[in-house]
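Novice: Once you've had a glance at the structure underneath, I'll fire off some questions.
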Amino acid sequence: MSVPITKILCPENKFNIKCPYSMKPQGITIHNTANDASAKAEISYMIGNNNEVSFHDAVDDYRIVRGIEHNRNAWHAGDSATGFGNRNTIGIEICYSLSGGDRFIKAEKLAAKYIAYLMKQYGWGLDRIDDKRIGTHQDRSGKYCPHRTLDMGINRFYEMIKQEYYKLTGTNSNTAEIYRVQTGAFFNKENADKLALELNTKGIDTYRVKIDDLYKVQCGAYLNKQNAINMSNKLKLMGYSNFIPGLNLSVEGEKQKGTKYKINCDYPNIRSQASLSSSVTRLATKGEIIYVTCIVNGFLKLSDGTYLKVGFADKI
Ligand SMILES: [Zn+2]
């Protein structure tokens, strides 16, 4: 790699605090520092304190600094002492995310290059990005980290890693088979945006591309065929027809199952669980038709697996 790795390693007498377990890495967890310190300063600070908080590498605009070798675990993922992130992944901090700007842009670029380098070193394929073994702190435990990378678009960052990976491994994005799952194609941009937003509020990441005058809404680009088919099935169960051009596979959205109800008030909360303390996945609209499969704990269970408090919709 053209950029050498500077090592400022955690001393062995602190292994019990910072990296108590041996590790054979299975993936990577991506972080932003939420700070404006350099990679050297981040690693020095991490090693210098006695908190059970640690990570392997910090990357800034021109330097990669390692604090913990990759054959030991580190405490960065917030997914418990036995969690996949904390016990099986390399924790990488991208510097200068607090203020952003040019230094952060460069740090992200170097981090993408470095992650591709590690993937090649360990013989990992791009499927590890699809299945989130290479993922974010957010994937591990829900924390909004890497905050600025997420704000700027995580798929954009994964695409940067992929491009670096193609360069390093001699494959390229045109020859590698990529399976894209497409849910809609529209002449009108607003309609594409509307569908994309609707899918986003239901927890599906989308991106919009314009091809041949059509605005297409895609839900992922996969190197692993099975991962593409899994997404297709998920969309089908949610009622969305979809198409995978690479497989010439066209899937009809499943007919809505359940009893028809109509929302009777303005914007009631649709929740992830049958509990008022669970997260709100979207707001329903007065007059909207929903399909109810059963009633659980005072909540109507909708056909897509979400919940609405009894009383906000009437059977029709
Ligand atoms: Zn983090």
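Novice: Restricting to DSSP H runs of at least four residues, report the calculated mean residue ellipticity at 222 nm for the chain, -39500 (n - 2.57) per run over all residues, nearest 500 deg cm²/dmol.
Specialist: -9000 deg cm²/dmol
Novice: Using only Cα atoms and rounding to the nearest 10 degrees, what angle (0 to 90) does helix 189-201 make with the longest principal axis of the chain?
Specialist: Between helix and principal axis, roughly 70 degrees.
Novice: Additional query: Out of segment 156-230, which chymotrypsin sites (Phe, Trp or Tyr not before Pro) are coil in DSSP terms and have no more than 11 other C-beta atoms within 10 Å?
Specialist: Numbers: sites: Phe157, Tyr158, Tyr165, Tyr166, Tyr179, Phe186, Phe187, Tyr207, Tyr215, Tyr222; in loops: Phe187.
Taking segment 156-230 and a limit of 11 other Cβ atoms within 10 Å, the loop chymotrypsin sites (Phe, Trp or Tyr not before Pro) found are Phe187.
Novice: For segment 262-316 and segment 176-200, what is the separation of their C-alpha centers, rounded to whole Å?
Specialist: First find each Cα centre; the distance between them is then 26 Å.
Novice: Please list, in chain and number order, the residues 5+ apart from Gly220 or on another chain whose amide H is under 5 Å from its amide H, with Hs placed from the backbone.
Specialist: Val181, Tyr207
Novice: Work through the residues other than Tyr114 whose Cβ is under 10 Å from its Cβ and net out their charges, Lys, Arg +1 and Asp, Glu -1.
Specialist: With Lys, Arg at +1 and Asp, Glu at -1, the neighbours total 0.
Novice: Just how large is the dipole of segment 209-316 about the Cα centre, in debye to the nearest 20, putting +1 at every Lys and Arg Cβ and -1 at every Asp and Glu Cβ?
Specialist: Details: 15 positive and 8 negative charges, 55 e Å.
Once rounded to the nearest 20, the dipole reads 260 debye.
Novice: Right, something else. Let me know the shape class of segment 259-315, please: from the alpha-carbon gyration tensor, a ≥ b ≥ c as square roots of the eigenvalues, rounded when a/c is under 1.5, otherwise prolate if a/b is greater than b/c, or oblate.
Specialist: The shape class here is oblate.
Novice: Could you give the radius of gyration (one decimal) and Dmax (whole number) of the Cα atoms in segment 5-169, in Å?
Specialist: 14.3, 40
Novice: Follow-up. Once you charge only the Cβ atoms, +1 for Lys and Arg and -1 for Asp and Glu, what is the size of the charge dipole of segment 1-136 about its Cα centre, to the nearest 20 debye?
Specialist: It comes to approximately 360 debye.
Novice: Same structure, new question: What FRET efficiency, computed as 1/(1 + (r/R0)^6) with R0 = 45 Å and r the Cβ-Cβ distance, is obtained for Lys260 and Gln26, rounded to the nearest 0.05?
Specialist: Efficiency, from the Cβ-Cβ distance: 0.45.
Novice: Still on this model: Cα axis of helix 154-169 to longest principal axis of the chain: angle in degrees, 0 to 90, nearest 10?
Specialist: Relative to the chain, helix 154-169 is tipped by roughly 50 degrees.
Novice: Per-residue HN-Hα couplings for segment 130-135, Karplus 6.51 cos²θ - 1.76 cosθ + 1.60 at θ = phi - 60°, whole Hz, x for Gly and Pro?
Specialist: Karplus-based 3J(HN,Hα) across segment 130-135 equals 4, 8, 6, 5, 9, x Hz.
Novice: With θ set to phi - 60° and the Karplus curve 6.51 cos²θ - 1.76 cosθ + 1.60, what are the ³J(HN,Hα) couplings of segment 52-57 in order, to the nearest whole Hz, using x for Gly and Pro?
Specialist: 7, 10, 7, 7, 7, 9
Novice: Work through the residues other than His70 whose Cβ is under 13 Å from its Cβ and net out their charges, Lys, Arg +1 and Asp, Glu -1. All intermediate terms of the calculation are to be shown ahead of the outcome.
Specialist: On the way: positive: Lys7, Lys24, Arg66, Arg72, Arg87; negative: Asp57, Glu69.
Neighbourhood net charge equals +3.
Novice: Right, another one. Taking amide H positions as placed in the peptide plane 1.01 Å from N, state which residues far from Cys145 in sequence (5 or more) or on other chains have amide H under 5 Å from it.
Specialist: Sorted by chain and number, the residues that satisfy this are Gln138.
Novice: Using alpha carbons only, how many degrees (0 to 90, rounded to 10) separate the axis of helix 102-122 from the longest principal axis of the chain?
Specialist: 90
Novice: Give the percent of DSSP beta bridges with both residues in the chain that are antiparallel, rounded to the nearest 5.
Specialist: If we restrict to bridges inside the chain, about 70 percent are antiparallel.
Novice: Pull up all non-local amide H partners of Ala77: gap of 5 or more, or a different chain, and H-to-H distance under 5 Å with H placed in the peptide plane.
Specialist: Amide H neighbours of Ala77: Asn86.
Novice: Oh, and also: Which entries in Lys18/Lys106; Lys7/Lys167; Lys109/Lys234; Lys113/Lys216 show an alpha-carbon gap greater than 31 Å? Working shown, then result.
Specialist: Details: Lys18/Lys106 28 Å; Lys7/Lys167 26 Å; Lys109/Lys234 33 Å; Lys113/Lys216 29 Å.
Those over the limit are Lys109/Lys234.
Novice: Let's see if you can work this out: charge +1 on each Lys and Arg Cβ, -1 on each Asp and Glu Cβ, no other charges. What is the dipole magnitude of the chain about its Cα centre, in debye to the nearest 20?
Specialist: Magnitude of the dipole: close to 480 debye.
Novice: For the chain, state the semi-axes of the equivalent ellipsoid (square roots of 5 times the eigenvalues of the alpha-carbon gyration tensor), sorted largest first and rounded to whole angstrom. List each step's numbers first, then the result.
Specialist: On the way: eigenvalues 321, 122, 59 Å².
Sorted largest first and rounded, they come to 40, 25, 17 Å.
Novice: On to the next question. Using θ = phi - 60° and the Karplus relation 6.51 cos²θ - 1.76 cosθ + 1.60, list the HN-Hα couplings for segment 21-38 in order, rounded to whole Hz, with x at every Gly or Pro.
Specialist: 10, 6, 8, 10, x, 10, x, 9, 10, 9, 10, 10, 6, 6, 8, 10, 8, 6
Novice: Restricting to DSSP loop positions (anything but H, G, I, E, B) with no more than 15 other Cβ atoms inside 10 Å of their own Cβ, which chymotrypsin sites (Phe, Trp or Tyr not before Pro) remain in segment 23-87?
Specialist: Tyr62
Novice: Would you tally the net charge around Tyr307, using a Cβ to Cβ cut-off of less than 12 Å, leaving Tyr307 out, and scoring K and R as +1, D and E as -1?
Specialist: Overall, the nearby charge balance is +3.
Novice: Got the relative contact order for the chain handy, in percent, Cα pairs under 8 Å and 6 or more residues apart?
Specialist: After rounding, I find 12 percent.
Novice: A further question on this structure: Restricting attention to segment 108-182, which GluC sites (Glu not before Pro) occupy a DSSP loop and are surrounded by at most 16 other Cβ atoms within 10 Å?
Specialist: When the GluC sites (Glu not before Pro) of segment 108-182 are filtered for loop state and at most 16 Cβ neighbours within 10 Å, Glu177 remain.
Since every read-out is calculated from the coordinates, none of them should be taken as a lab result. Remember, it's a predicted structure, so these values are computed and weren't measured experimentally. Every residue, glycine among them, receives a Cβ derived from its backbone with ideal geometry; neighbour counts consider all protein chains shown.
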